[in-house]
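A.B. asks: The structure follows.
The values are calculated or read from the model by the stated rules, or taken from the named source; none is laboratory data. The structure displayed is predicted, hence computed values, not measured ones. No Cβ is skipped: glycine too gets one built from the backbone with ideal geometry, and neighbour counts run over all protein chains shown.
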Amino acid sequence: MLKIFIYFYFMWKSLSVVGAFGPWIMAAVIVAENIIDECSYFKIGALILWQPLSITINGLLKEIINQDRPQGSRHVNKLEKLIDEGTKGMPSGHAQLVGSELLLSLLSKTSFTTKTLMIAQTGLTLYQRWLYKKHTVMQLIIGFLLGSIYSVIFWFMLNSFR
């Protein structure tokens with residue numbers, strides 16, 4: 001019985017870490033798949049700059065909206081605590097990033113497997129952010145919608161340069 005408990009405990013902790021760092025995992029997969037598909041250097045460069053710009057937009061929106069995170073949040077590890085320390089909650093940066101990455105993978109020529117993994121990773125990340133009380137449901141929804149809109153705009157701008 002103890003072995004089963006330990007197994008599920010470590011499985012849950014592993015999934016929590018994967019959920020917390022989901023945006024970076026997803027971005028790396030998108031860039032790697034485009035490199036493998038031998039996309040142009042311009043597109044690869046734009047993809048590398050695409051998420052730092054989204055993070056900057058998110059930081060500005062958090063300062064303007066100035067809505068706190070929910071009380072009693074937990075941290076997956078020290079790095080995640082350092083990243084989240086002192087930041088506001090609205091809109092969720094993680095939700096904005098995974099929403100952006102999910103939409104971009106759905107719009108682009110990524111494989112069916114990649115798209116399926118992106119959907120699963122998005123769900124895991126959103127659930128982890130809510131479960132660990134990093135964000136309210138509304139902060140997650142707004143972040144996801146902003147990321148989706150940002151990615152659609154990015155997608156059309158990227159394709160206009162062909």
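A.B. asks: Looking at the structure I just gave you, is ASN66 at pLDDT 70 or above and at positive phi?
C.D. replies: For ASN66, the condition - at pLDDT 70 or above and at positive phi - is met.
A.B. asks: Another question, if that's okay. Between a residue in region 115-139 that is within 18 Å of GLU101 (Cβ to Cβ) and of a type in the set (Asp, Glu) and any residue that is part of a helix (DSSP H, G or I) and at pLDDT below 85, which pairs come within a Cβ distance under 9 Å, given they are 6 or more apart or on different chains?
C.D. replies: Close Cβ pairs (under 9 Å, with a partner that is part of a helix (DSSP H, G or I) and at pLDDT below 85) do not exist here.
A.B. asks: If you don't mind, another one. Is there a residue in region 67-80 that is closer than 27 Å to ASN159 by Cα and of a type in the set (S, T, N, Q)?
C.D. replies: Taking every residue of region 67-80 in turn, none turns out to be closer than 27 Å to ASN159 by Cα and of a type in the set (S, T, N, Q).
A.B. asks: From LEU103, LEU47, grab the single residue that is at pLDDT below 80 and of a type in the set (A, V, I, L, M). Lay out the reasoning, then the answer.
C.D. replies: On the way: LEU103 fails: at pLDDT below 80.
Every option except LEU47 fails the conditions.
A.B. asks: Find the residue count for region 91-127, including only residues that are surrounded by fewer than 21 Cβ atoms within 10 Å (Cβ to Cβ) and either farther than 25 Å from ASN66 by Cα or touching a Lys or Arg at 6+ places or on another chain (Cβ under 8 Å) (or both).
C.D. replies: In the first step, residues of region 91-127 are kept if they are surrounded by fewer than 21 Cβ atoms within 10 Å (Cβ to Cβ); the result is 106-117, 119-120, 123-124, 127.
Filter again for either farther than 25 Å from ASN66 by Cα or touching a Lys or Arg at 6+ places or on another chain (Cβ under 8 Å) (or both), leaving 106-117, 119-120, 123-124.
Residues meeting the conditions: 16.
A.B. asks: Let me ask something else. Would you please name the residue that is nearest to SER105 (Cα to Cα), looking only at residues in region 31-50 that are loosely packed, with under 14 Cβ neighbours inside 10 Å and without any contact (Cβ under 8 Å) to a residue 12 or more places away in the chain?
C.D. replies: ALA32
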